Amino acid sequence: MTVPLPVELQALAAETRTITVLTGAGMSAESGVPTFRDAQTGLWARVDPADLATPHAWESDPALVWAWYQWRAGLVRRAQPNDGHFALARWAAHADVRVVTQNVDDLHERAGSEVASHLHGSLFAPRCSECGTPADSVEPLDDPVERLDPPDCDRCGGLIRPGAVWFGEAMPSEPLERAMECAQTCDLMLVVGTSGVVYPAAGLPGLAREAGATVVEINPEPTGISEQADHVWRTTAAVGLELLAPR
Ligand code: APR
């Protein structure tokens, strides 16, 4: 797909020194990582992710939840960062680029970006469900299985839980505070590949705007954020960021 880079965005990208990039599942779509709301396949076709990513699911069937997360971790391990991830990493040589992501994958890091905030946690940061001690990295699953017993914590014997934030669970304060600070202290906020329906992440563009930043949305589809954005660019993350990032 050939998409011309809008002239006003080219100037903004070249001149702005402090940029916060809020990314969502669409950022990783061109890497082949299915979005949370995409149809699930195979073994997991019949389960609704929104039912698995909850404290209730964990309490009632930890082996089911653990198997699902390790399968997702395996999918991500086999995926590669796309041109959009690499463009953001390259941009950091020209400006202060802070990545705030809702994604639990590690594709920004593998492309070379430092991530300022993983708002919804990480597939690769499991921890004890009882004492919170971080666990060693866990081998992701290549093939799906229906149930997999989570390991025990070396320190207290509690079950090791996935490092993602679940629906209905309070977001850890540190990543949220960092994300808010990034939003309130940037000159440009790029909002890439998020539907803008899950709070508090969806409130960050508004915070940035109130603090005087220009907000630019990159998304092939309209979202809950489009109306608040100063510029909307209907293109994909890989195509848009590759054109936008200075070289
Ligand atoms: N490039 C850019 N955007 C894209 C692309 C692409 N190639 N493909 C899809 N999109 C857009 C879609 O148009 C949609 O707006 O990505 C967005 C994906 O939306 P969601 O699946 O709702 O993902 P996200 O906004 O990250 O969800 C927020 O909710 O699912 C939970 O905790 C999970 O972190 C997630 C949160």
Exercise for review: Tell me, yes or no, whether segment 198-205 has at least one residue that is within 18 Å of ALA92 (Cβ to Cβ), more than 10 Å from the ligand (Cβ to nearest atom) and either surrounded by fewer than 18 Cβ atoms within 10 Å (Cβ to Cβ) or touching a residue at least 40 places away in the same chain (Cβ under 8 Å) (or both).
Suggested key: no
Review point. Out of curiosity, is VAL47 within 29 Å of THR18 (Cα to Cα) and outside any helix (DSSP H, G or I)?
Key: no
Check your understanding: Does GLY112 fit the bill of being within 10 Å of the ligand (Cβ to nearest atom), assigned by TED's automatic domain parsing to the domain that holds ARG178 and not charged (D, E, K, R)?
Key -> no
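Report whether or not ASP149 is within 21 Å of ALA29 (Cα to Cα) and away from the ligand (no atom under 16 Å from the Cβ).
No.
Does SER195 satisfy the criteria of being away from the ligand (no atom under 16 Å from the Cβ), hydroxyl-bearing (Ser, Thr, Tyr) and in a loop (DSSP other than H, G, I, E, B)? Reasoning before the result, please.
Numbers: away from the ligand (no atom under 16 Å from the Cβ): no; hydroxyl-bearing (Ser, Thr, Tyr): yes; in a loop (DSSP other than H, G, I, E, B): yes.
Considered against the rule, which asks whether it is away from the ligand (no atom under 16 Å from the Cβ), hydroxyl-bearing (Ser, Thr, Tyr) and in a loop (DSSP other than H, G, I, E, B), SER195 comes out as no.
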Check your understanding: Which number in (1) free of Cβ contacts under 8 Å to residues at least 60 places away in the same chain; (2) outside the structural domain of PRO140 (by TED's automatic domain parsing); (3) crowded, with 20+ Cβ neighbours inside 10 Å marks the one condition that TRP68 misses?
Key -> (2)
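The values are calculated or read from the model by the stated rules, or taken from the named source; none is laboratory data. Every value quoted in this text rests on a predicted model; they were computed, and no experiment measured them. Cβ: placed from backbone, ideal geometry, glycine included. Neighbour counts: every protein chain shown.
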